[in-house]
Amino acid sequence: MTPQARKRNAPYLLLAPAGVLFLAIAVSALMMVRLSFGEKTLEWESWTLANYRALSEGVFVTGFIRTLRLAVIATALVLLLSLPVSLLYARVTSRMVKRLILFIILLPLFINQLLQSYGWISLLGPTGIVNNLLVGSGIVARPLRLLYTETGVIIAMVQLALPLAVLPISSALRNIPASYEEAAAILGAPRLRVLWEIVVPLARPGLWAAFLLVSSFNISAFVLPLLLGGGRVTTVPMLIREQMGPLLNWPQGAALAVVLVLLTLLVQRIAGLQRRGGTRT
Amino acid sequence: MLQAKVTGVDPEPGRGPRPDVVLAVENLTKTYAGASAPAVQDVSFEVRTGEIVALLGPSGCGKSTTMRIIAGLEDPDSGTVGLKGREITDLPAHRRNVGLVFQDLAIFPHLTVAQNVAFGLRMKRLGGAEISRRVDDMLRIVELPPETFRERMPGTMSGGQRQRVALARTLVVEPDVVLFDEPMTALDRRLRDRLVIELRNIHKRLGIPAVYVTHDQESAAALADRIAVMRAGEIIQTGTSLEIYSAPRDLFVADFFGDINCLPARVVRDAGGAMSAVIGDRTIPGIVTGISEGDALLCIRPGQLSLSSRPSERALFPVELRSWHFDAGVFTYYVSGQGGLTGMTKDIVVTSTKPAPDVGSGELWLEADVRDLQIFPS
């Protein structure tokens, strides 16, 4: 190779280590796709569409609908909540306060999901702290059923996914000069108008990144529904695990996985079209 | 005889609001948390109908803070801001009808030129056709033909064009007063001169009073009707450019407004009780007022000095020519004092449109009219 060619290609060598990892994931994904067309006990030799046809069964359909519903609700809540938090983080000037906010936000990422789930169990139970506060202050007469319901699962999913949203959004917000907001205010825009007309459009790259991360994360939620659902909240990842583990039906699990991934991509694609349409008034 | 004239600070206390006063800033004080000194200290000034007032001073003098308080972006600790007779000190920024052209222009990058200019009009809830008409009119005033520039994105435009968009956006909502935050800083000489002329024309045409915040004395003098010189949070002197140049209140102001030579001198009281200035071995009577005995500085502008080969009654003392250059019609000479002028580290600067006498090894004398000498305490 000529020296020039070597120089041109040199940067791509830096991709090599990550590329190896990516390759491993890609290969195993491809294997999963192949598996989905196989038969139980004859996984690599057979070819069948039975696993895909089985997806029309009630338990699977319910699982997909529930998974998507939980993910959509949780993602929407996360994005809504993360905007004021990100704004606060981006605009606060005191370095101490900034670090404190960042620490609180990132906390869920430091703690094992399993341990967090046990924490939620004690928080959300009928005699847990949340209910004690609500009943004790008189807001409700009887403790709310939060644990082992979809509501409880969604609450925990939102808390866990929040840092994934706050980081890219506050990063995008930091790149918006304060003078833009000040200019809009001086031109007559009240605070909310400034946010809607100037901040949100300019933060769009960050919002999009947050959406991708959070939606992927929520659709693949496994531990939280497993521990906090009490057996009543069954998501597709849990069904996959059931097929892969106790039921030893790898091809069925693989088919579920493939469809889940395709659905995720579809959801994100639809949202992407919405985004590119723009909100120019 | 020259007195150190104090032009004073507007307005006179105790008078009611005058009808031609558009913006009245009174006794503004603000100290930022954790700061050792106030950013703005008892600042007061007025802007009258059709006037441009400049807030001039070095970085950190408080001019930007004052401007931000007027705009509503900061709250003062005390003091008031009045606009067209009503007090706006407690009003949020979006209700003040003040215009502000930012230093970085703050043009919204995701909107077209027309959308940028229309922004303030939309906030006033005007109709679409009316907005369109006003936007086009204003674009023509700032010399950005609407047909070409309406749909352009700001990112594709030059700095000068973007500045006009910022101007159009600010003026189209017809604010009661416009604030300019150092608009010339990023421009080169030629663009700056052009912009000064354009701003003056637009200002004359629209008649909106303005406050021009800058550290650049030249553009302040070219643009503003009156200048308020600020330092360390206070207004030191207010007046026209000529007033301040002729009678600067202190050395800081004198030095800010163009080159000035300062010679070490002493103020002494003679037998008869009169005050004189002593420089080197020359005593100059009758030019000292309001300064007590002691060390002082005798200051004079380069253009007020001249050089001659023979001593006359205008001669101050002999000097030696160190170097000189010629540029655009002006000779600049650097001379050093002899005969007892100790303590001078810099050369004295003399400017003239005529060449200095050719003296060979002869004497060279520094001349001036003693009435042009200004004296400041050291």
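The values are calculated or read from the model by the stated rules, or taken from the named source; none is laboratory data. Note that the coordinates shown come from a computational prediction; the quantities given were computed from them, not determined experimentally. No Cβ is skipped: glycine too gets one built from the backbone with ideal geometry, and neighbour counts run over all protein chains shown. Ligands, DNA and RNA are excluded from the accessible area calculation, which covers all protein heavy atoms including side chains. Shrake-Rupley method; radii C 1.70, N 1.55, O 1.52, S 1.80 Å.
Details
- Residue within region B:203-213 that is within 14 Å of chain A (Cβ to nearest Cβ), open to solvent by 10 Å² or more (accessible area, probe 1.4 Å) and assigned to a loop (DSSP other than H, G, I, E, B) present: no
- Within region A:193-238, if we keep just the residues that are more than 19 Å from the chain's Cα centre (by Cα) and of a type in the set (Lys, Arg), the residue that is least open to solvent (accessible area, probe 1.4 Å) turns out to be A:193.
- For region A:113-128, the tally of residues that are within 14 Å of residue A:159 (Cβ to Cβ) and free of Cβ contacts under 8 Å to residues at least 24 places away in the same chain stands at 3.
- Residues of region B:26-70 that are out of contact with any helix residue (DSSP H, G or I) (no Cβ under 9 Å at 6 or more places or on another chain), open to solvent by less than 30 Å² (accessible area, probe 1.4 Å) and assigned to a loop (DSSP other than H, G, I, E, B): B:51, B:61, B:62.
- Looking only at residues in region B:135-176 that are part of a loop (DSSP other than H, G, I, E, B) and more than 18 Å from residue B:111 (Cα to Cα), the one that is nearest to the other protein chains (Cβ to nearest Cβ) is B:175.
- Residue within region B:71-87 that is assigned to a loop (DSSP other than H, G, I, E, B) and within 8 Å of another protein chain (Cβ to nearest Cβ) present: yes
- Checked against the criteria, residue B:46 does not count as within 12 Å of chain A (Cβ to nearest Cβ) and touching a residue at least 24 places away in the same chain (Cβ under 8 Å).
- On inspection, residue A:202 qualifies as more than 20 Å from residue A:232 (Cα to Cα), within 11 Å of chain B (Cβ to nearest Cβ), touching a Pro at 6+ places or on another chain (Cβ under 8 Å) and not charged (D, E, K, R).
- Residue list for region A:159-192, restricted to those being surrounded by fewer than 24 Cβ atoms within 10 Å (Cβ to Cβ) and at the interface with chain B (Cβ under 7 Å from one of its Cβ atoms): A:177, A:179, A:180, A:182, A:188, A:189, A:190
- Conditions (1) surrounded by fewer than 17 Cβ atoms within 10 Å (Cβ to Cβ); (2) at positive phi: number failed by residue B:182: (1)
- Only residues that are in contact with a Leu (Cβ under 8 Å, 6 or more places away or on another chain) and among the aliphatic types (A, V, I, L, M) were counted in region B:279-298, giving 5.
- Filter result (in a helix (DSSP H, G or I) and over 15 Å from residue A:261 (Cα atoms)) within region A:36-59: A:50, A:51, A:53, A:54, A:56, A:58, A:59
- Residue within region A:86-105 that is within 14 Å of residue A:159 (Cβ to Cβ), under 21 Å from the mean Cα position of the chain (by Cα) and either aliphatic (A, V, I, L, M) or open to solvent by 70 Å² or more (accessible area, probe 1.4 Å) (or both) present: yes
- Residue list for region B:292-325, filter: of a type outside the set (Gly, Ala, Ser), open to solvent by 20 Å² or more (accessible area, probe 1.4 Å) and closer than 13 Å to residue B:350 by Cβ: B:304, B:307, B:320, B:321, B:322, B:324, B:325
- The strands (runs of 3 or more DSSP E) found entirely in region B:224-319 that carry 3 or more residues being within 33 Å of the chain's Cα centre (by Cα), within 18 Å of residue B:378 (Cα to Cα) and among the aliphatic types (A, V, I, L, M) are B:261-269, B:275-279, B:294-300.
- Test result for residue A:46, at pLDDT below 85 and surrounded by 10 or more Cβ atoms within 10 Å (Cβ to Cβ): yes
- Restricting region B:124-173 to residues that are in contact (Cβ under 8 Å) with a residue 40 or more places away in the chain and more than 28 Å from residue B:188 (Cβ to Cβ), the residue that is least open to solvent (accessible area, probe 1.4 Å) is B:173.
- Qualifying residue in region A:205-226 (condition: closer than 28 Å to residue B:101 by Cβ, hydrophobic (A, V, I, L, M, F, W, C) and within 14 Å of chain B (Cβ to nearest Cβ)): no
- For residue A:145: the one exception among (1) part of a helix (DSSP H, G or I); (2) charged (D, E, K, R); (3) farther than 30 Å from residue A:269 by Cα: (1)
- Region B:88-104, residues that are over 19 Å from residue B:55 (Cα atoms) and facing chain A (nearest Cβ under 10 Å): B:92, B:93, B:94, B:95, B:96, B:97
- Selection of region B:108-130 for residues being more than 8 Å from chain A (Cβ to nearest Cβ), within 23 Å of residue B:203 (Cβ to Cβ) and part of a loop (DSSP other than H, G, I, E, B) yields an empty set.
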